[in-house]
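Student: I am attaching a structure below and will ask some questions about it afterwards.
Just so it is clear, none of the values below were taken in a lab; they were calculated from the coordinates. All values derive from a computational prediction rather than experimental measurement. We place every Cβ from the backbone using ideal geometry, glycine too, and count neighbours over all the protein chains shown.
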Amino acid sequence: MSKTSRTQVTVPATAKKNSIIEIRAIVQHDMESGFRYTESGKLIPRDIIRVFTCSYNEVEVFKADFYPGIGANPLIIFTTIATESGTMEFKWLGDDGYAAVHQARITVS
Amino acid sequence: MNMKFDGPQKMHRRTWMQQLQKLTLLALGAYFMPSIALAKKEDADEAIKQITDGAKIQEGRVTLTIPPLVENGNLVVLKVSVDSPMTAADYVKVIHVIAEGNPLPNIFTAYLTPRSGTANITTRVRLADSQRVWAIVQMSNGSFWQGSAETLVTLSACTEMV
Amino acid sequence: MVMMVTQLFIKHVLQFHKSSVRKGTSFHLAIFCCSILFAASTSTAASEVAINKKQSSYELMTSENKAMQDDPSLNPAMFWVAEGESLWQTKSGPKNIACASCHGEAKKSMRGVATQFPKMIKGKLQTLEGQINQCRSTTQGEPALAYESKELLALTAYIAIQSKGMPIAVKETPANQGQLKKGQQWFQERMGQLNLSCAQCHEDRAGLKLGGSLIPQGHPNAYPIYRLEWQTLGSVQRRLRNCMSGVRAQQFEYGSPEMAQLELFLMWRARGMPLEAPGVRP
C-alpha cells in the first residue's frame, strides 16, 4: 500500500536554451523525526521522506537525501540548465511506502 | 580583591561563602547543560570523518547561510552556495550538511551534476539548539571544501507544553 | 546570605536562558521571575488600540519568516488551501450537495466573509469554524468537523484566503454588544497560576521583551496560521489555548461560548487591520 500527499513545484514553463532555471519543490509531509514522544511518554516512530529526485527527459539531474533534520513540509530550491524541451519529473520517496510524483512540461527555445 | 584579615572566624565564613557559590554554579550547570551537548559535537566530527575518509578539508569556496538569530528551531531557512564553474571538468558533486547540536548530525545530502548550472541549494531544516552547522562539499576532482555558520535558537512563547 | 544566593540564582537563570538546552525550562523560569514583577501592577488601559498604533506580529518576524508567509511557493499553508478548494467542490451527505452547490464560486461568494467573523447569526455568536459546521450539519446533513481537523482547517483556510488583504470589519452592534463586553472582560481578567491577564502582556507590555521574545499586541489578523511551533496549520482557538497554557490557566474548550466571546473582542480590537490569512508565525 502506497501513501502520498500534495506537492507543489515552481518551474518556468518556458526558458531560453542553456539558461539556468530555478526550481522550487515543496511537498506536504509531517517528517516525523522519531525523536518526539506522546503525552503518555510513548516514542512516535520515525516517518520521513528519504529521497528527492529530479529527472529531465528521464535523465536524473538532481538528487537529495533527506534526514529527520529536514523541516516539515520539506522545501528544496535548486537550479538546472534548460537543455531542451520536454518533461521534468519530480519524485519523493519515503518511509512506510510513501511516494509522490509531480510532472512539469518545459518548452526550451 | 582586598581581603581584610579580621581573624580566624570571619576568614572561615568567607571561604564557606565562596564554596557555596561554586556549589550553586556546579548544581545549576549540571541541571542546565547535560553532557549530551558534548557528545553531539563528537558525532558531527565522526560524520564528517565518514564523508572525507580522513582526507584533508580546505577552507573557502563554500558559503553556508542561516539566520544568526532564529525565532523557532523547527523550520530554519538554510542556504548553501559553492563557488564553482560547474562545468563537466570542474563541478560540485556532493554537498553534505552536518549539524553540531542536533540528535543526528546529518541533515541532508545533495548530489549535483554538470547540468546543475549552479551549486546553490536552499532548504529548511530543524535546529534543536543554538549551534554551528557545517557544509562539507566534495568536488569532481575529489577534493573537499568546507564552510560553516553559527546561530542562536530561541524558543517560541506560550506553547502547548506546560 | 539569602539575598546573595537569590541574586546569584537570578543571574545564572538569565545567563543559562541564552543557551537553553531543555525545551521550555528556562523560558518558564523567566516567566515565573517576571510574574513576580507583574504581581503588583494592574491593567489601566482600556484595551483599545488606535488604528495607527495597531501592529501586526508580522512586523516582529525575521525576514525569512515574512517571506515564507508572503510567497505562496514557500508557504506550507497553501497545501491546506488546496485541500479546502477541493472540499468546497466535494458533494456529500444525504442531499449530495457541496459548499459550491449553494455558495457557487468561493472567490465571489466568500470575498470579505472572514473579515466579519465572529458575528451574531440567528441570535447565536458564531465563529467562522462554527458557521462552517453549522452549514455542514443543517444544510448538508453531515456531522460537524472536529476542531483542528485537516478538513475544518482546510475549509477555514480556503474561505479566509478569499479575504486576504481586506480590512477586518468586526464592529460593535446592538446585537453583539453583550457578547463583546464579555470578551473584553476575558481579556482584562487575571487568570491561571501565574495570575496574568491578556491585557497585562499584550496591552501594557506590548513591544517589551519576555524571555528573549518581543511581546506582540496579539491581534488575530492572520488566522489560520502555519505556526512553526506546531509544524502545522492551526486555528486562533488553538493559539489562545496556548496562551492560557502559558499562564497555567484552565484552557477554554474548542467551540465554547467563552472562546467565541474572546475571539469577537480580539477581532473588534484588530478592526481595520488587513487580514493576512493564511499566515506564518514562529
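Student: Can you give me the long-range amide H partners of B:Asn106? Hydrogens built in the peptide plane at 1.01 Å from N, cutoff under 5 Å, separation of 5 or more residues or another chain.
Tutor: Close amide H contacts, sequence-distant or interchain: B:Ala99.
Student: Could you please rank B:Arg61, A:Arg36, placing first whichever residue has the fewest other Cβ atoms within 10 Å of its Cβ?
Tutor: Taking fewest neighbouring Cβ atoms as first place, the list is A:Arg36, B:Arg61.
Student: Each residue of segment C:86-95 in order: what ³J(HN,Hα) in whole Hz does its phi give by Karplus 6.51 cos²θ - 1.76 cosθ + 1.60, θ = phi - 60°, with x for Gly and Pro?
Tutor: Rounded to whole hertz, the list is 5, 5, 4, 8, 7, 7, 7, x, x, 8.
Student: If the only charges are +1 at each Lys and Arg Cβ and -1 at each Asp and Glu Cβ, what is the size of the charge dipole of segment A:7-108 around the Cα centre, to the nearest 20 debye?
Tutor: The dipole of segment A:7-108 has a size of about 280 debye.
Student: For chain A, report the % of Cα-Cα distances exceeding 26 Å.
Tutor: Here the long-distance tail beyond 26 Å is 26 percent of all Cα pairs in chain A.
Student: Compute the Rg to Rh ratio over segment C:149-234 from the alpha carbon atoms, using the Kirkwood formula for Rh, and round to two decimal places.
Tutor: Rg/Rh: 1.01.
Student: Defining a contact as two alpha carbons under 8 Å apart and six or more residues distant in sequence, what relative contact order in percent does segment C:54-282 show?
Tutor: Once normalised by length, the contact order is 29 percent.
Student: May I ask you to derive the relative contact order of chain A, considering only C-alpha pairs under 8 Å and at least 6 residues apart, and to give it as an integer percent?
Tutor: Relative contact order for chain A comes out at 35 percent.
Student: Continuing with this model, one more query. I need to check one value: relative contact order of segment B:54-153, counting alpha carbon pairs closer than 8 Å and at least 6 residues apart, in percent.
Tutor: 38
Student: Still on this structure: Using θ = phi - 60° and the Karplus form 6.51 cos²θ - 1.76 cosθ + 1.60, what ³J(HN,Hα) does each residue of segment C:58-69 get, whole Hz, x for Gly and Pro?
Tutor: For segment C:58-69, the Karplus-derived couplings read 4, 5, 8, 7, 6, 5, 5, 6, 4, 5, 4, 6 Hz, x marking Gly and Pro.
Student: A:Phe62's amide H: which non-local residues (gap 5+, or another chain) put their own amide H closer than 5 Å, with H modeled 1.01 Å from N in plane and none for Pro or chain starts?
Tutor: Residues meeting the amide H criterion: A:Cys54.
Student: Cα centroid distance between segment B:74-93 and segment A:21-38, in Å?
Tutor: 21
Student: Looking only at other chains, what is the average number of their beta-carbon atoms within 10 angstrom of each beta-carbon in A:23-30?
Tutor: 3
Student: Expressed as a whole number of Å, what is the distance separating the alpha-carbon centroids of segment C:183-219 and segment B:112-133?
Tutor: Taking the Cα centre of each part, segment B:112-133 and segment C:183-219 sit 38 Å apart.
Student: Oh, and also: Hey, got the dipole for segment C:54-282? About the Cα centre, +1 on K and R Cβ, -1 on D and E Cβ, debye to the nearest 20?
Tutor: 520
Student: Something else: Once phi is turned into ³J(HN,Hα) by the Karplus curve 6.51 cos²θ - 1.76 cosθ + 1.60 with θ = phi - 60°, what whole-Hz value does each residue of segment C:198-204 show in order, with x for glycine and proline?
Tutor: Per-residue couplings from phi come out as 4, 4, 4, 8, 8, 10, 5 Hz.
Student: Sorting C:Asp70, B:Asp53 on the 10 Å Cβ count, fewest up front, what's the list?
Tutor: Fewest-to-most ranking of C:Asp70, B:Asp53: B:Asp53, C:Asp70.
Student: Another question about this same structure. Sorting B:Glu71, B:Glu59, C:Glu83 on the 10 Å Cβ count, fewest up front, what's the list? Provide the component values of the computation, followed by the final result.
Tutor: Numbers: B:Glu71 25, B:Glu59 9, C:Glu83 20.
Arranged by neighbour count, lowest to highest, B:Glu71, B:Glu59, C:Glu83 become B:Glu59, C:Glu83, B:Glu71.
Student: Scan around A:Gly71 for amide H atoms under 5 Å from its own, H built in the peptide plane at 1.01 Å from N, and keep only partners 5 or more places away or cross-chain.
Tutor: When sequence neighbours closer than 5 places are left aside, the close amide H contacts are B:Arg124, B:Val125, B:Arg126.
Student: Count, for each residue of B:64-77, the Cβ atoms from other chains sitting within 10 Å of its Cβ, then give me the mean as a whole number.
Tutor: Working: counts 0, 0, 1, 4, 1, 2, 5, 12, 10, 5, 8, 16, 6, 10.
Mean inter-chain Cβ contacts per residue within 10 Å come to 6.
Student: In peptide A:77-83, how many Cβ atoms from other protein chains are near each Cβ within 10 Å, on average?
Tutor: Counting other chains' Cβ atoms within 10 Å and averaging over A:77-83 gives 6.
Student: Let me check I've understood the local charge: for B:Val76, count other residues with C-beta under 11 angstrom from its C-beta, Lys and Arg +1, Asp and Glu -1. What total comes out?
Tutor: Charge balance near B:Val76 sits at +1.
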